[in-house]
1. Pairs Lys447/Lys540; Lys189/Lys238; Lys373/Lys620; Lys447/Lys701; Lys83/Lys189: which exceed 29 Å Cα-Cα?
2. Which ³J(HN,Hα) values, rounded to whole Hz and listed in residue order, are derived for segment 297-307 from phi using the Karplus coefficients 6.51, -1.76 and 1.60 in 6.51 cos²θ - 1.76 cosθ + 1.60 with θ = phi - 60°, glycine and proline given as x?
3. Out of every Cα pair in segment 126-195, what percent are spaced more than 18 Å from each other?
4. Quick check: residue separation of Arg461 and Ala237 times 0.36 nm, minus the Cα distance between them. What number comes out in nm?
5. Residue-wise, which Karplus ³J(HN,Hα) couplings in Hz belong to segment 313-329, taking 6.51 cos²θ - 1.76 cosθ + 1.60, θ = phi - 60°, and x for glycine or proline?
6. So how much slack lies between Ala140 and Ser265, counting 0.36 nm per residue of separation and subtracting their Cα-Cα distance, in nm?
7. What FRET efficiency do you get for Asp507 and Phe412 if R0 is 41 Å and r is their Cβ-Cβ distance, rounded to the nearest 0.05?
8. Test of understanding: express the Cα radius of gyration of segment 399-464 as a ratio to 2.2 N^0.38 Å, with N the residue count.
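The values are calculated or read from the model by the stated rules, or taken from the named source; none is laboratory data. Just so you know, these numbers come straight off a predicted model, no measurement behind them. Please note: Cβ atoms are built from the backbone with ideal geometry, for glycine as well, and neighbour counts cover all protein chains shown. Quick note on the areas: whole protein, heavy atoms, side chains included, nothing else; ligands and nucleic acids left out. Shrake-Rupley method; radii C 1.70, N 1.55, O 1.52, S 1.80 Å.
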Amino acid sequence: QAPPHIGGAPLRRLRVLAGSVVASGPPGFADALVAAAKSYRPIDRLSAITLLVGQGAAGAARYEAVVEALRDEEWQVRVVAAKTLGSFGALRALGDCDGGGGGDVDRAVADALAEGLSDGHWAVRETAAEAIGHFPGAPAAHAALAAALVGDGAWTVRVAAARAFCRLRGAAQPHLSAITAACLDGHEKVRLCVAAAMGVLGAGASDSEGACLALMRDPAWEVRCAIVPVLGAIATAKCENALTHAMRWDSQWQVRQAAALGIGSLGRPPMASTAAALASAVQKDQEQVAIAAALAFGTLGESASSYFPELVSMLESGSRELRAAIRSALWQSINCNAETSRTAVESGLLPTHFAAVRRAWRVADSARRFTTKLGDPDPAQRRLAAEALHALGLTAVDALVEGVIRTPVDRFVDRMCAMRSLSCTGFLPIPLACSFLSEWVYTPNEKALPLVGLELLTLQRPQKQVGFNLQWAILRDGGGRCFLTFRGSETALDWIENSNLSLRRVDVPGWGVLLMHGGYWSAIEGESSRLADALAAISKDGPIERLILTGGSKGGANALAAAIWLVLRASEAKVPYYRELSVVVFGTPNIVGRGRQERGPSGAAQMLKEALHMHAPRSKSWYFLEDPVPGLASERARDVVNHYMSDAGGVVKFMKWIKPKAYEKMTNYLGEVWDVASTFEPVITEEHLSLPTQSASRREKFDASVHPQVNYTEALCRRWLTRGLD
């Protein structure tokens, strides 16, 4: 280890202490100190020189008094003078003692200290060598320091010179030859400090590769440890081989640990033989070495997949610290490139080059095993599984997606567990997260949440007798996002809300009249006070970073209506609930009425679209073309009804013959529905989804069986793996 660079806090305390002594004296006391430095009494000279460090800016003007003390007849005074000058240099480097003179003063002081390197007393030479390390702009003094490093008879002086080169950092580069020669010093403490100086130079010591390799055979294990970072920085094949040999065979575990970390610092994937040695160290060496070797695995990239079984076995059986190191290595090997494009991944992109990564790592069995453990009653096992799935990241996505698709809806807890396992990877896109929550809200269970790290803040169940007709929940994740999810149709009253197609007029100052679906808008108005109270409580300490409203079918329509309600109240709200709003809905009537005007944007409807685009830019309505529910509440309503009327065929003809008046009333009613539905326009961006592959071939133009949320979840999963969801 390189000796620690002299810290600012202790020096500042010294300066304040000495400065307070000086400041407490009468006027002219500082000048008196300079005079005292020439006293015939050694104790006076010692005290005066020490207190001069507290002079701050004025102290620089009194260098001469301290420099003169370097020639004092008492060696103790000369030692204190050298220390004082070193302190001045350190304080100037920290900006605490400018004093004027700049580099000229620094070089003058350093040159005086260089003269001290030829002092007859070893303690003076040692202190002078240490002090020169605080003056990086004095090349002449550095040359004298290099001579002392290789030629001084006292090992303590040579140690001090090596430590000074550590502090000088880049300024030591011109004296690499002297530092290299000192690698052969007979005293191990000198070699230790020389190795530390090499470590400061890092790759700059590449010309001394041979000397560095020789130090890996030094009898002192501390020296071998100290030279490891240099080999990692030089990073040649010879250096890698030396590190691998040390990790496998060195008798001292500290050296093996340092060698493993050195392999991890090569800056490139190691050779196959090195990777095999790392795998062996993870499994067989003592814990400190195994942890270092596991961390080094993170630099292997895709080649680490060859050792996946060994790493996974340690994920389940190793100590907590070792498991953490293996998780870190797996994450770095698998997901580091994805992490750099996390924004794209979260928005639903799995770039093409990640597919090769997923294929290279055969993790399906392990991913399924950890998914099972995610439902374990033991919290420790659940935590282990979640951490392991996070480490597997992108490599587990394919297997986990299939797990979600294959788990039937009647196994609710297992299906939520499968969803949660996919979220553990850290790469779940928002549309899929919303689809999961849109399934969960039908049977809300705090112990079976579909996303890892979610906290259920509010759950509102219907209270039909007092006019509260919606079921919704607010959940918060660890990233500052909140999800407000609404349940779709499940009761007769829900279907009455759906069928209330009469338009509701909403006066908006500056916009005009919005024409809203009567059923959905009335339902949100009835819930507005409770929604406002819940959101106000959540945002009392600051706005929600991103509020995402979601739901499927009627739940999506309620989410959209709630978003419109939030946008309309935004101008009136004293304290905003959120910084950004999003709406993500599925198989939903995505509508607002445009009135009697010609087809196209108009009036308040257009103002609403622009407001939603500003407040909720990352919003989308996903739908199947074959889903009749969003089709009924759109200009496609006539097509939907005609489709089902044609399916009815003979029944309709029979009704027309046997009950002509009833048939006439029915057609008139449908005509009114078509007339209103033809004025509906989409409010947020719509995107068509392809039906799940296994069922697409048998679908007709419209088919109500595609409407359940489970189909949207499967379609989104398959779309994510092939094209992305952005």
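1. Values: Lys447/Lys540 26 Å; Lys189/Lys238 26 Å; Lys373/Lys620 34 Å; Lys447/Lys701 40 Å; Lys83/Lys189 22 Å.
In this structure, Lys373/Lys620; Lys447/Lys701 lie more than 29 Å apart at Cα.
2. Result, ordered by residue: 4, x, 8, 7, x, 4, 5, 5, 4, 5, 10 Hz.
3. The answer is 22 percent, as a whole percent.
4. Numbers: separation 224, 0.36 × 224 = 80.64 nm, distance 6.66 nm.
Extra length available between Arg461 and Ala237 comes to 74.0 nm.
5. Residue by residue, segment 313-329 yields 4, 6, 4, 9, 10, x, 5, 4, 5, 5, 4, 5, 5, 5, 4, 4, 5 Hz.
6. Working: separation 125, 0.36 × 125 = 45.00 nm, distance 3.46 nm.
Value of the extension gain: 41.5 nm.
7. Numbers: r = 44 Å, r/R0 = 1.06.
Given R0 = 41 Å and the Cβ-Cβ separation, E is 0.40.
8. Working: Rg = 12.0 Å, N = 66, 2.2 N^0.38 = 10.8 Å.
Ratio of Rg to 2.2 N^0.38 Å for segment 399-464: 1.11.
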